[in-house]
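The values are calculated or read from the model by the stated rules, or taken from the named source; none is laboratory data. All values derive from a computational prediction rather than experimental measurement. A quick note on method: Cβ atoms are made from the backbone with ideal geometry, for glycine too, and the neighbour counts reach across all protein chains shown.
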Amino acid sequence: MNKGILVFLVLLLCGHGVLSQDTRPYKGGFTFKGLRGTAELQYTLDEEMEPILNGPFVFNYSKMDSLERGLFRKLQVEGVYAEDQKNGDWTYQQEIHQIGIEDIVDRQIQAALSTNLVKLEANYQKGELSGSWSYSEKNWQSEEYLNVFVAKDLTFEKDSLLGSVNFESKDPKRTYQIFGQVNKEGLMVGNWEFFYPMDSNLTIHETRRYEKGFLIGLSKVNSLTNQKIDEVVFYNAIEKLDSLNQGFEVDYKVSDQAFGLIFNDGYVESSEEFQEQYLGTFLLEDALSRLLQFEEDFFSEDGKLKKYPLSTRRFVYAISEEDQRRYEEIIEVFDRLKEKSNQKAISDFLSLNQNTSDSLAFSGAYFEYLMRKIGNYEQVIQLLRNGDIQYFDTGNYLRDGLNFLNSEEQINYTYDTELRQKTLEFPQLSENKKLSTDLLAHIQREWETFESIQDHIQMQQVDFRQSTELDVLEERILKEKQRVANEKKSLEIRNNRHKALIDSVYQNLSVKNYQQLLNTYNETEGFLEKAEVGDELIELFLFLEESLPELQRYENLGSSLREEFTEKTLDPFTFETDFEVLRQPGLIQAAESIIDYELDLIMRSEDFRDVQVHLLNLDALESRLLVLKGRNTKRLERNIRKVSGNINQLKKLLSI
């Protein structure tokens, strides 16, 4: 929540020397869940004179969101804060009215009004979801409120649901009922029942059986006839749990970590085990999103649930040193393959010349195949890279997740209007289908194939390009250099600092960096290497052409951010309404220090790629501050003051 509106009051109290730990009232503007309304609250001041919410809290918001859409939204919140944390009973009431003007007769508006009403009675213990919760959502239809969604008699403990769970949605767009149980660990247990329509003639009754967060069975039947539609028994999970219960020595155990709503023991999205869970889980997530819509900590910036009040479990598998070594080698080969296959010189050459011979036509089709194959590798490489592979039964994953590990790959291509085909051969999967062994053997063969085709292309490039392309390249370099010189002359200089920045960047890059690259170009003998340096020279001038006009914005970035964060308010002494106050000054001071630091490096750099990085840093800084604008950044600003002068620490705190 944004308590920035209290800053002015704190400053006023400081000026009169009346600061203390006494609770003080406040009534005025306040931002709650991104909505700017009014609040009545009480607060105290901590040792650093920062306001801490303590006591009763009432927030009201009402606004017509858009005349065009005709949406009018009201939100009323009542509760109690203790040491800046929600505590005890809270109530939320939200009304969204859709107003549709139908006619205007004798200056009287005739309009249709539809209303969505949400009521939530919640409870908290030191900021955590706790105690009894009750939620209802209704729509106004036919002169009365009709239930759209109901979740009553829910119990929370330490941010997790506990005991019986009952959700009922009568929303025509998403109708369902969900019943289940959650244990003290926040894990789904026992039978969970889902009822939802597939179409006007079929309603599914889905039953799931959980054992301490492990899904061991799922069935779907016609709710009217009880006819079986689908069934999945998670035999692997059952056998593993049984082995653990009997104390057998195995290479896995139950993970201490809680996971999301989908139970996953190495199942990919296309697998039956995953797909059969999807629809019911989607509806459960919809119910939780409604219930928790006022809890910002449970949602990501894009509005999706990132934290759940109930969870599943997974097994964690031991990874041998040998397997870990293979995993690391797989990642290294993949990164090398991805980097080398994206060489612009090769793709440009093939796009121009792949129809000149059978081998180049095949090479063009091969690179299209390789791009798709790299995309297939991405998911498993990510699991190896972040360590999440330890939560996957690699046998399950190898079954469905690596279905692209074929012993043969057919490459179809066209040359001289004729459809042709060549076959790439790969190692067969081992008899015991071991992930580390099979994946390493496959990707190593992928690399060998790539190297062979790349060598052929490079030989062809020498024949095709040496005679003419360097001449064309050198002519373009000179044209781009002159274009940048003309652009510099046309720039309008705003001030001395702007002039110094323009002159430094132009001198360091267009003269010094250019001369360094030109010397390298002249000393290079190999054609491909020479062409790469030539491409870099062109890239240098294209960068200058784009960035020189933008330097004025970067030079003025500190001032523009300061202006963005400055608001006009009431002067408490003169009562003038145009009294300017800089909000979140700690952020602005940190930003100005970083801007000065980056601009200084830009003015001294003699490598255009370094300048690119510094400009990107400034863009990231601007974006980050605009994201933080209006948020509660008191703790961040305190940390900023502690590292004042340390640019690297400032950048780290601001996630730059």
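Residues that are part of a helix (DSSP H, G or I), among the aliphatic types (A, V, I, L, M) and over 30 Å from residue 77 (Cα atoms) do occur in the stretch 279-290. Does the stretch 343-350 contain at least one residue that is under 30 Å from residue 255 (Cβ atoms), in contact with a helix residue (DSSP H, G or I) (Cβ under 6 Å, 6 or more places away or on another chain), assigned by TED's automatic domain parsing to the domain that holds residue 406 and of a type outside the set (Ser, Thr, Tyr)? Checked the stretch 343-350: no residue is under 30 Å from residue 255 (Cβ atoms), in contact with a helix residue (DSSP H, G or I) (Cβ under 6 Å, 6 or more places away or on another chain), assigned by TED's automatic domain parsing to the domain that holds residue 406 and of a type outside the set (Ser, Thr, Tyr).
With respect to residue 414, determine if the residue is of a type in the set (Val, Ile, Thr), in contact (Cβ under 8 Å) with a residue 24 or more places away in the chain and within 20 Å of residue 330 (Cβ to Cβ). So residue 414 fails the test.
Scan the stretch 313-327 for residues that are free of Cβ contacts under 8 Å to residues at least 24 places away in the same chain and in a helix (DSSP H, G or I) and the total you get is 3.
The stretch 427-541 holds helices (runs of 4 or more DSSP H) entirely within its bounds, and those carrying 2 or more residues that are more than 30 Å from residue 367 (Cα to Cα) map to 469-490, 496-505, 514-523. For the stretch 86-117, filtering for residues that are touching a Gly at 6+ places or on another chain (Cβ under 7 Å) and aliphatic (A, V, I, L, M) leaves 3.
Being over 30 Å from residue 234 (Cα atoms) and either of a type outside the set (Ser, Thr, Tyr) or in contact with a Pro (Cβ under 8 Å, 6 or more places away or on another chain) (or both) is the requirement here; does residue 296 meet it? So residue 296 passes the test. Apart from one condition, residue 131 fits all of (1) on the phi < 0 side of the Ramachandran plot; (2) more than 29 Å from the chain's Cα centre (by Cα); the exception is (1). When each of 124, 92 is tested for being surrounded by 15 or more Cβ atoms within 10 Å (Cβ to Cβ), in contact with a Phe, Trp or Tyr (Cβ under 6 Å, 6 or more places away or on another chain) and part of a strand (DSSP E or B), the lone residue that passes is 92.
Tallying residues that are over 24 Å from residue 50 (Cα atoms) and modelled with pLDDT of 85 or more within the stretch 564-592 yields 0. Select from the stretch 617-645 the residues that are within 19 Å of the chain's Cα centre (by Cα) and among the hydroxyl-bearing types (Ser, Thr, Tyr) and list them in ascending order. Hit for the stretch 617-645 is 623, nothing else. Only one residue in 72, 59, 30 is part of a strand (DSSP E or B) and touching a helix residue (DSSP H, G or I) at 6+ places or on another chain (Cβ under 9 Å). Which one? That would be 30, the only listed residue that is part of a strand (DSSP E or B) and touching a helix residue (DSSP H, G or I) at 6+ places or on another chain (Cβ under 9 Å). Mind checking which residues of the stretch 324-346 are surrounded by 15 or more Cβ atoms within 10 Å (Cβ to Cβ) and within 17 Å of residue 369 (Cβ to Cβ)? Scanning the stretch 324-346 gives 334, 337, 338, 341, 343, 346.
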